[in-house]
Amino acid sequence: MANFILRKAEPNDVSDILRMIKELAKYEEMEEQVILTEKELLEDGFGDHPFYHCFVGEVPKEKQSSEGFTVVAFAMYYFTYDPWIGKLLYLEDFYVMEEFRGFGMGSHILRLLSETAVKTRCSSMHFIVAENNTPSIEFYKRRGASDLSSEEGWRLFAIDKEDLKKMTTPK
Amino acid sequence: MDFKIRAAKQEDCKEISRMIIELAVFEKMQDQVKISTQELERDGFCSNPLFECQVAEVSEEQKSSQGYTVVGYVLYYYTYSTWMGLTVFMEDLYVMPEYRGKGIGKGLMSKVAQVGKEKQCTRLQLAVLDWNTRSLDFYIMKGARDMTASEGWHALRFDGEALDKLAAEAPKD
């Protein structure tokens with residue numbers, strides 16, 4: 001593949017970003033869990049107080065995907081806080097369309113993210129991966145990532161809306 | 001026992017810092033605590049705070065054996081799920097041992113749920129160490145699902161040398 005560029009996402013990109021969010025969820029076998037809309041992505045990422053930041057990977061028109069897309073990769077991140085070490089960069093989603101893999105785009109995106117982390121005074125970059133996603137786990141481990149769940153025993157928990165409501169209702 | 005749950009103020013950072021270390025000692029990772037009161041003040045009470053905090057306070061008459069009246073805290077921030085939008089992540093929840101079993105932990109966590117609800121968060125997430133059975137039971141009773149067990153999610157990290165090395169290879173503008 002000749003070339004590609006990595007750039008900050010713009011409001012016009014939300015349609016491509018949502019498309020790729022759904023593609024990634026499908027790959028993770030959890031497609032039906034995506035309820036986010038383009039409108040929410042737009043308000044939440046490009047309003048006065050963005051809740052996330054996003055890079056996209058773009059190819060020239062001559063290299064467009066089989067369905068005619070030129071925005072072919074994305075990485076969404078935000079800042080979190082560890083009371084022991086301070087500001088962290090949290091990588092929420094990281095995806096390259098299948099037909100564009102193996103050309104170095106993923107590696108470039110990861111390096112750009114880590115450069116962003118260092119520039120913005122983050123001590124670390126965190127993210128989660130499903131344990132059956134062997135290609136991704138190997139990709140990250142080759143580049144020096146540690147698995148906190150295996151090494152330190154951290155387990156991720158979630159409490160959903162209904163149970164949250166119960167917690168706020170006075171007894 | 002009477003206690004009050006309130007939003008932390010900048011002046012509380014000294015107490016919060018003390019309790020962060022107490023929690024790290026409990027988690028057997030005290031050597032990993034690198035930040036101080038000053039950094040907490042800078043990061044939590046600037047124009048774009050990186051976290052929010054609620055503290056549990058008791059009256060003077062109920063102060064701890066070492067004279068503390070701020071006896072618990074919960075530190076949290078907002079995250080974004082590409083599947084469902086804004087969520088709240090509960091990073092630390094801690095009650096000093098002599099004040100446990102009195103509903104303070106529950107009170108702190110309910111406050112986060114309430115704050116999250118006001119901001120229309122769709123979910124509350126947290127991480128727990130696998131040997132911390134007492135905490136695991138506490139959260140599961142409140143409806144928490146173990147995503148590591150049920151869906152195989154693992155937390156990964158790039159830090160220190162690994163992060164610097166990766167950043168040094170970034171494409172130049």
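Numbers at a glance
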| read-out | value |
| --- | --- |
| 3J(HN,Hα) from dihedral phi, region B:71-88, Karplus parametrisation 6.51/-1.76/1.60, rounded to Hz, x for glycine, proline | 10, x, 8, 9, 10, 8, 8, 9, 10, 10, 9, 5, 8, 9, x, 5, 10, 10 |
| Rounded if a/c under 1.5, otherwise prolate or oblate - region A:1-79, Cα gyration tensor axes | oblate |
| Gaussian network model of chain B, Cα within-10 Å springs - most flexible of B:Gly160, B:Gly72, B:Gly101 | B:Gly160 |
| Listed pairs A:Lys26/A:Lys61; B:Lys28/B:Lys106; B:Lys63/B:Lys106; A:Lys161/B:Lys28; A:Lys87/B:Lys28 exceeding 30 Å between Cα atoms | A:Lys161/B:Lys28 |
| Centroid-to-centroid separation of region B:100-117 and region B:1-61 [C-alpha atoms, Å] | 16 Å |
| For chain B, the spread of Cα positions along each principal axis, largest first, Å | 61, 37, 33 |
| Long-range HN-HN contacts of B:Gly143 with modeled amide H, under 5 Å | none |
| Charge dipole (debye, nearest 20) of the protein assembly as shown; +1 at Cβ of Lys and Arg, -1 at Cβ of Asp and Glu | 560 debye |
| Euclidean distance between Cα centres, region A:106-126 to region A:33-92, Å | 14 Å |
| Taking the convex hull of Cα positions in region A:96-164, its mean projected area over all directions (nm²) | 7.1 nm² |
| For B:Lys111, A:Lys22, order by how many other beta-carbon atoms lie within 10 Å, fewest first | A:Lys22, B:Lys111 |
| Phi to ³J(HN,Hα) by Karplus 6.51 cos²θ - 1.76 cosθ + 1.60 over region B:112-125, Hz, x for Gly, Pro | 5, 4, 5, 4, x, 5, 4, 8, 6, 6, 8, 7, 10, 10 |
| Cut-off 9 Å between beta-carbons: net charge of the residues surrounding A:Ser146, Lys and Arg +1, Asp and Glu -1 | -2 |
| Cα gyration tensor shape of chain A, rounded if a/c is under 1.5, else prolate or oblate by comparing a/b with b/c | prolate |
| Charge sum, other residues only, whose C-beta stays under 13 Å from B:Phe89's C-beta, Lys/Arg counted +1 and Asp/Glu -1 | -3 |
| Spatially proximal aspartates and glutamates relative to B:Lys102 (Cα-Cα < 14 Å; intrachain offsets below 8 disregarded) | B:Asp2, B:Glu57 |
| Sequence-distant residues sharing a close amide H with A:Ala130 (under 5 Å, placed H) | B:His154 |
| Structure-based [θ]222 nm, chain B - -39500 (n - 2.57) summed over DSSP H runs of at least 4, per residue, nearest 500 | -10000 deg cm²/dmol |
| Phi to ³J(HN,Hα) by Karplus 6.51 cos²θ - 1.76 cosθ + 1.60 over region A:20-36, Hz, x for Gly, Pro | 6, 4, 5, 5, 5, 4, 5, 4, 7, 6, 9, 4, 5, 7, 7, 10, 5 |
| Inter-site label distance for B:Lys28 and A:Lys165 at 7 Å from Cα along Cβ, in nm | 4.1 nm |
| Pair B:Ser64, A:Lys61: separation of 7 Å Cα→Cβ label points (nm) | 6.6 nm |
| The protein assembly as shown shape via C-alpha gyration tensor axes, a/c threshold 1.5 | prolate |
| Under 5 Å, built H, 5+ apart or other chain: amide partners of B:Asp92 | B:Leu75 |
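Any read-out appearing in this document is the output of simple, stated calculations on the displayed coordinates, not a laboratory observation. If you're wondering where the values come from, they're calculated on a predicted model, not measured in any experiment. Here Cβ is always computed from backbone atoms with ideal geometry, including for glycine, and neighbour counts include all displayed protein chains.
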